[in-house]
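**Student:** First the structure, which I've put down as structure tokens, then a few questions once you've had a look.
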Amino acid sequence: MRLDRLWQRGRAFLGCDYAILGGAMTWVSERHLVSAISNGGGFGIIASGSMTPDLLSAEITATAALTDRPFGVNLITLHPQLLDLIDVCLDHRVRHIVLAGGLPSGAAIARARGGGAKVMCFAPALVLAKKLVRSGADALIIEGMEAGGHIGPVSTSVLAQEILPAVRDVPVFVAGGIGRGEAILGYLEMGASGCQLGTRFACASESIAHPRFKQAFLRASARDAVPSVQLDPRFPVIPVRALANAATQRFMEMQRSVIERFNRGEIDQKAAQLEIEHFWAGALRRAVIDGDVDNGSIMAGQSVGMVSEEQATAVILRELVDQALTALLAREEAEKERIGAVG
Ligand SMILES: Cc1cc2nc3c(=O)[nH]c(=O)nc-3n(C[C@H](O)[C@H](O)[C@H](O)COP(=O)(O)O)c2cc1C
């Protein structure tokens, strides 16, 4: 395939046909979607979220029963049993472990690599990208603020320009705001080894997300996917991009009331911060699994506007690849014409 020249490094690293990763989405990226992405030629990744080691072990077994293609596991570095979860992956011979949700310790990276897995880490800035490579990361993911879920402050296009030309030692995959193959081609031409998409896969027919969750995605446009707002720097809010709903509104009102109570001396700093942090506890599950799209968190990236129908995962992947190929062909044709005109 003509794209091979561009994403061969990513394909070889992942061991799949297309260097397109299905970004782990807690509650969504379980056995069905993950195996469908891998069976479709991409690279599925299980979202372990807050799973216990036993639950993760069962999920890996179930996924492996649905695909004989490679897939990875995404682990949250803050999980209290992180090292046990790494061991579960190693016991199951999972070859790719993604360490997400904060900078991983050298010990976690070493444990995974020592057991034969390749470690992928999120790099939110160039200095950290270089540090992660020094710490042993086998590949990096750079994810811009257009993405769904927890986000950093910098856009995908800026991270790509800063990091892709400067990090050559390991493959770098680009994520955040990618909805079509032309964008994948663009990042490959900038030096990416592949791309990671989440939002685009959330509504796949194989995704177990509740029909109301999927319906919210199908109706939404880019501007509906907004980051959570922090009202007072004394009470930090981790930015999460999700579709605005009644809960988003209530979160603002709740912060306002907590801050007023704190200012009046009715609660201390710690209690106020906890109240704010607890607001979203269990909210993603409520939206994805229970279909409570008013009170849950409908995490979605800005590419949600490009999700217009429920499609089979294999069709989504094929569509992305075809769009990239068509754009590449058009460029090659234009180049030929230009050279012909000059000659
Ligand atoms: C509903 C949802 C849940 C997510 N959960 C996780 C997660 O548990 N761990 C993680 O590393 N990233 C998570 N992400 C981010 C995705 O893995 C992926 O990097 C991101 O969706 C890519 O950007 P895009 O949404 O613009 O395609 C989540 C994204 C969404 C939309």
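The values are calculated or read from the model by the stated rules, or taken from the named source; none is laboratory data. Note that the coordinates shown come from a computational prediction; the quantities given were computed from them, not determined experimentally. We place every Cβ from the backbone using ideal geometry, glycine too, and count neighbours over all the protein chains shown. Note: areas computed on protein heavy atoms with side chains; ligands, DNA, RNA excluded. Shrake-Rupley method; radii C 1.70, N 1.55, O 1.52, S 1.80 Å.
**Student:** Is it the case that region 182-197 has a residue that's within 17 Å of the chain's Cα centre (by Cα) and surrounded by fewer than 22 Cβ atoms within 10 Å (Cβ to Cβ)? Don't jump to the end; show me each part of the working.
**Tutor:** Narrowing region 182-197 to residues within 17 Å of the chain's Cα centre (by Cα): 183-184, 187, 192-197.
Checking the rest, the ones that are also surrounded by fewer than 22 Cβ atoms within 10 Å (Cβ to Cβ) come to none.
Within region 182-197 (the criterion being within 17 Å of the chain's Cα centre (by Cα) and surrounded by fewer than 22 Cβ atoms within 10 Å (Cβ to Cβ)), the answer is no, since none of the residues qualifies.
**Student:** Could you check region 306-332 and list, in sequence order, the residues that are of a type in the set (Asp, Glu) and modelled with pLDDT of 90 or more?
**Tutor:** 309, 310, 319, 322
**Student:** Evaluate region 256-276: report whether one residue or more is within 21 Å of the chain's Cα centre (by Cα), hydrophobic (A, V, I, L, M, F, W, C) and crowded, with 16+ Cβ neighbours inside 10 Å.
**Tutor:** No - not one qualifying residue is present in region 256-276.
**Student:** On to the next question. Criterion first (over 20 Å from residue 47 (Cα atoms), of a type outside the set (A, V, I, L, M) and surrounded by fewer than 16 Cβ atoms within 10 Å (Cβ to Cβ)) does residue 106 satisfy it?
**Tutor:** Yes; evaluated as a whole, the condition is true for this residue.
**Student:** So, one more: State which residue is surrounded by the most Cβ atoms within 10 Å (Cβ to Cβ) when the search covers only region 312-343 and only residues that are of a type in the set (Gly, Ala, Ser) and either in contact with a helix residue (DSSP H, G or I) (Cβ under 6 Å, 6 or more places away or on another chain) or under 30 Å from residue 34 (Cβ atoms) (or both).
**Tutor:** It comes out as 324.
**Student:** Tell me which residues, restricted to region 232-252, are surrounded by fewer than 16 Cβ atoms within 10 Å (Cβ to Cβ) and over 28 Å from residue 308 (Cβ atoms).
**Tutor:** Across region 232-252, the qualifying residues are 232, 233, 234, 236, 238, 250, 252.
**Student:** Looking at region 60-95, which of the residues that are assigned to a helix (DSSP H, G or I) and polar (S, T, N, Q) is most open to solvent (accessible area, probe 1.4 Å)?
**Tutor:** If we take residues in region 60-95 being assigned to a helix (DSSP H, G or I) and polar (S, T, N, Q), then 61 is most open to solvent (accessible area, probe 1.4 Å).
**Student:** So residue 137 ticks every box in (1) within 16 Å of the ligand (Cβ to nearest atom); (2) open to solvent by 10 Å² or more (accessible area, probe 1.4 Å); (3) under 24 Å from residue 6 (Cα atoms); (4) assigned to a loop (DSSP other than H, G, I, E, B) but one. Which box is left unticked?
**Tutor:** Unmet condition: (2).
**Student:** Of (1) open to solvent by 10 Å² or more (accessible area, probe 1.4 Å); (2) over 24 Å from residue 140 (Cα atoms); (3) aliphatic (A, V, I, L, M), residue 209 satisfies all except one. Which?
**Tutor:** Of the numbered conditions (1) open to solvent by 10 Å² or more (accessible area, probe 1.4 Å); (2) over 24 Å from residue 140 (Cα atoms); (3) aliphatic (A, V, I, L, M), the odd one out for residue 209 is (1).
**Student:** Separate question: Tell me which residues, restricted to region 189-218, are part of a loop (DSSP other than H, G, I, E, B) and among the β-branched types (Val, Ile, Thr).
**Tutor:** 208
Residue-wise test of (1) assigned to a helix (DSSP H, G or I); (2) not hydrophobic (A, V, I, L, M, F, W, C).
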| residue | (1), (2) |
| --- | --- |
| 104 | no, yes |
| 107 | yes, no |
| 113 | yes, yes |
| 116 | no, yes |
| 128 | yes, no |
| 131 | yes, yes |
| 141 | no, no |
| 145 | no, no |
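**Student:** Run residue 168 past the list (1) surrounded by 23 or more Cβ atoms within 10 Å (Cβ to Cβ); (2) among the basic types (Lys, Arg); (3) assigned to a loop (DSSP other than H, G, I, E, B) and report the number of the one that doesn't hold.
**Tutor:** (1)
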